[in-house]
Each structure stands twice: as structure tokens, then as C-alpha cells.
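Here is the structure we will look at, set down as C-alpha cells.
The values are calculated or read from the model by the stated rules, or taken from the named source; none is laboratory data. A quick note: this is a predicted structure, and the numbers were derived from the prediction, not measured. Counting neighbours? That spans all protein chains shown, and the Cβs are built from the backbone with ideal geometry, glycine included. Side chains included, ligands, DNA and RNA excluded: accessible areas come from the protein's heavy atoms. Shrake-Rupley method; radii C 1.70, N 1.55, O 1.52, S 1.80 Å.
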Amino acid sequence: MPYYRSAGEVPPKRHTQFRAPDGSLYAEELMGQEGFSSDSSLLYHRHLPTAIVAAEEYDPTGWTRTPNRPLKPRHLRTHKLDSGGGDPVLDRQHLLANDDVRISYVVADRPSPLYRNAIGDECLYVEAGTARVESTFGTLEVASGDYVIIPTSVIHRIVPTGERLRLLTVEATGHIGPPKRYLSVRGQFLEHSPYCERDIRGPSEPLLVEGSDVEVYVQHRSRAGRPPVGGSAWTRLVFANHPFDVVGWDGHLYPWAFSIHDFEPITGRVHQPPPAHQTFQGPNFVICSFVPRKVDYHPLAIPVPYNHHNVDSDEMMFYTGGSYEARRGSGIEQGSISLHPSGFTHGPQPGAVERAIGVDYFDELAVMVDTFRPLDLCEAALACEDTGYAWTWAGRSLP
Ligand SMILES: [Fe+2]
């Protein structure tokens, strides 16, 4: 994150003695990315963050990966996966994956266990409900429309606080951040960025929890890992003391939230290309936000997209509010996901271009993930697929 923050107490000089009221030393931890040559934070623990007392392997279930063969556009109805609740980490229903990114959906009605993803950053998108994200850095309250970025290896848990929580989760194999073109060389958001520091929320005070022998589920790299990601495995570590024991921290690395409703759309006289919607970048993928906006105002404008072929990407779109004009008539609904893979030209449904002419406002809310390598379909995707979608541009309902 290009934004320095500090919470709780930190000593005036880093790497110096910092003592608790009883005279004991706090344990300093440097958490840093890219070999300590990128963003980092210093955290001050009441206990040693290294003290573990047990470790055992954990086998998650439900992972399969099926290549998108024969190559087809896909429509997934995630709300068909509503299984009556679960926890926001261990009960994720995996939908689409490649070796760079895993995209899942979960309906949660209870807290997750303590969790650390040591493979990469996570981006959670809150479709519905509210939650408290508790971590070693403090607490973040999140609600419908929020993106939450959890940096690699931050120990946290997700606690639903209202109606059932619906999350789209994007797990990366590296770091997720704002698009580089929106940042100055020193990391400040530039004037043409669709959002800036004022739109970002981070933890503001320490979260201190007492406890001993506390379990943390760790998803981590492993050469002998199982699918879906070569090299992914899980271990349950037991910490001697509760990991939420940080009295203060400062730096540029911390969990943060940004609401899609604070994304200022970039509009023009004629149709704006997809990069105008880009919100985040990660290794071999981008995340974009399609928000309610005034649309193209050239007197002869066609406000829906032209047919297009993103030849180096698979495009996944999650429809999360309003009505998406270009897809009207295709069966796409709230909670739908479309997958338009590389190798297939996609565009508005029949009649959408004509209907859009003269319209000056689109009330749509969607999150797009474009991956540079093909996405495989996981078990839950196949379970909620609308198999007739591929043929809807041709006006036929059956393959
Ligand atoms: Fe597209």
C-alpha cells in the first residue's frame, strides 16, 4: 500500500528497546514483502510471534480443476450454491482457478478460524452482509460493496456481524495493489486515479486478545502440493499465545478496505475501454469495477461495449448489483458470473446495442477479474453452470 499508517504505541526509534509497563521488552517483528525491498511494517508483540507448540497437516476438500474444454463462454449462478451457511475461509466454494489466482464464493454465517494465507494477498469482495475483519493489525468493519485486501501472511479472521455474509474471494500468488499508472514514483495516488488515499480505510487501533494454544490455519507454498494450485498445502499451527497481541505497528503493509461505491467512474463522449475500470493489479491478473455512471454522450454514441476479444486474457465478471445492460436477455442475474475466455469474441446480447442508444445512465455494479492465463473450472462452478449460456448470442436455447 502506498500509504504510511501507524496504530497503537510504537517507540520513537525503530529497532530500539520498547518496554511494557512491567519493564519487559516487547517483541519487534518486521513483516516485509519482496525480500524486504518493498512495503513493510514493524509490529510490537507482547509475546514472541515465533512461539508455536504444534503443527499438523490439514486437507481442504472440494478442490478439482477441469480445463475449459471444449472452449466455451460460461455462466455460473453462484446463488445456486447457497448451502445454508458456513465459515468465510474453510467453506469457500472454489469456482475458477489457474496457477496465479483462485476465485471462490462463500455464504458465511459464522466466524472463520484464525487464518494466514502465506501464498499471496487476498482480495475479498463483499456482495452482501457485514463483517468484522480482525487481524494482528487491528479491526476493519466492512460492508456490502467493500473490497478488502489482506496482505500475504497476515493472521486474521472474518466475523460476520449481520445478515449472512456473501463474499467473492480472489486469492493471488503475489501482491495485490492499485494500478501502478495511478501512483506517483513515491506512491501517492495521482489526480487521474479513480480513487485515492481518502477512500482507503485501515485498522486504527490495536486488537489485543488473551489466549494460549491458539490454532491458526496456514495455506502455504509446498513443492509437493496438491491441486488446484501446484505447490499449495495447508498446515494447522498452534501458537503458544494468541497472535492478536500487537500493541502497536507502523508501516505501509496492513489490511485495508475500499468501497466500490467510492470508485469514481471514468466516462467519455464515446465508449471507454475496460482499463478505465481497473481498480487493482496482481501478478498475471487485474480487478476492475463497473459502477453506476453517466454513459457516453457523443450524439451518436453507442453506450454498451463493442464486440471485443481480449486475446491475452480470460474475463470473469461477477454481477453484483443493478442491471447489466449488455447482458440483458442472457439469463445473467444478481450473483451471476460470466467467463468469457480468450479464444472467444464476446459482446452485447442481441438487441442490447439498439436498446442502449439514447440512454444516458447505467445502473450497474460488477466486479471483473481478467487473468492472463486460462482459468480452469472447479467443482462448484460445474455444479451451478447455466449450460445454455454459450448459445444465447445466436438466439438458441439449446446446444
Ligand atoms: Fe468483456
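Regarding PRO243, is this residue modelled with pLDDT of 95 or more, in a loop (DSSP other than H, G, I, E, B) and buried (at least 18 other Cβ atoms within 10 Å of the Cβ)? Explain how you work it out, then say what you get.
Numbers: modelled with pLDDT of 95 or more: yes; in a loop (DSSP other than H, G, I, E, B): yes; buried (at least 18 other Cβ atoms within 10 Å of the Cβ): yes.
So PRO243 fits the description; yes.
Of the numbered criteria (1) over 22 Å from GLU141 (Cα atoms); (2) open to solvent by 10 Å² or more (accessible area, probe 1.4 Å); (3) of a type outside the set (Gly, Ala, Ser); (4) not in a strand (DSSP E or B), the one LEU237 fails is (4). Among the residues making up segment 1-51, those that are open to solvent by 90 Å² or more (accessible area, probe 1.4 Å) and closer than 21 Å to ILE119 by Cα are GLU34, PHE36, SER37, THR50. Residue-level check: of (1) crowded, with 20+ Cβ neighbours inside 10 Å; (2) within 25 Å of ASP314 (Cα to Cα), ALA257 misses just (2).
Flag not set for ALA97, criterion: loosely packed, with under 13 Cβ neighbours inside 10 Å and touching a strand residue (DSSP E or B) at 6+ places or on another chain (Cβ under 6 Å). Evaluating PHE290 against the criteria (1) open to solvent by 10 Å² or more (accessible area, probe 1.4 Å); (2) more than 25 Å from LEU183 (Cβ to Cβ); (3) in contact with a helix residue (DSSP H, G or I) (Cβ under 7 Å, 6 or more places away or on another chain) leaves one unmet condition, (2). Checked against (1) over 30 Å from GLY174 (Cβ atoms); (2) assigned to a loop (DSSP other than H, G, I, E, B); (3) within 16 Å of the ligand (Cβ to nearest atom); (4) open to solvent by 10 Å² or more (accessible area, probe 1.4 Å), VAL304 passes all but a single condition, namely (4). The C-beta contact set for segment 269-281 (first residue at negative phi, second residue open to solvent by 40 Å² or more (accessible area, probe 1.4 Å) and away from the ligand (no atom under 15 Å from the Cβ), distance under 6 angstrom, 6+ apart or interchain) comprises ARG269/TYR297; ARG269/HIS298; VAL270/HIS298; GLN272/ILE266; ALA276/ILE266.
When SER342 is tested against (1) within 18 Å of the chain's Cα centre (by Cα); (2) under 21 Å from ALA172 (Cα atoms); (3) polar (S, T, N, Q), only condition (1) is not met. Close Cβ contacts (under 8 Å, 6 or more residues apart or on different chains) running from residues in segment 18-41 that are touching a residue at least 40 places away in the same chain (Cβ under 8 Å) to residues that are part of a strand (DSSP E or B) and aromatic (Phe, Trp, Tyr) comprise TYR26/TYR44; SER41/TRP249. Tell me whether segment 287-305 contains one or more residues that are under 21 Å from PRO265 (Cβ atoms) and touching a Cys at 6+ places or on another chain (Cβ under 9 Å). Within segment 287-305, one or more residues are under 21 Å from PRO265 (Cβ atoms) and touching a Cys at 6+ places or on another chain (Cβ under 9 Å).
In segment 288-310, is there at least one residue being among the polar types (S, T, N, Q) and within 23 Å of LEU95 (Cα to Cα)?
Going residue by residue through segment 288-310, those that are among the polar types (S, T, N, Q) are 289, 307, 310.
Remaining after also requiring within 23 Å of LEU95 (Cα to Cα): 289, 310.
Yes, the conditions are met somewhere in segment 288-310.
Considered as a group, the residues in segment 272-287 that are within 16 Å of the ligand (Cβ to nearest atom) and surrounded by fewer than 18 Cβ atoms within 10 Å (Cβ to Cβ) include one that is nearest to ILE337 (Cα to Cα), and that residue is PRO274.
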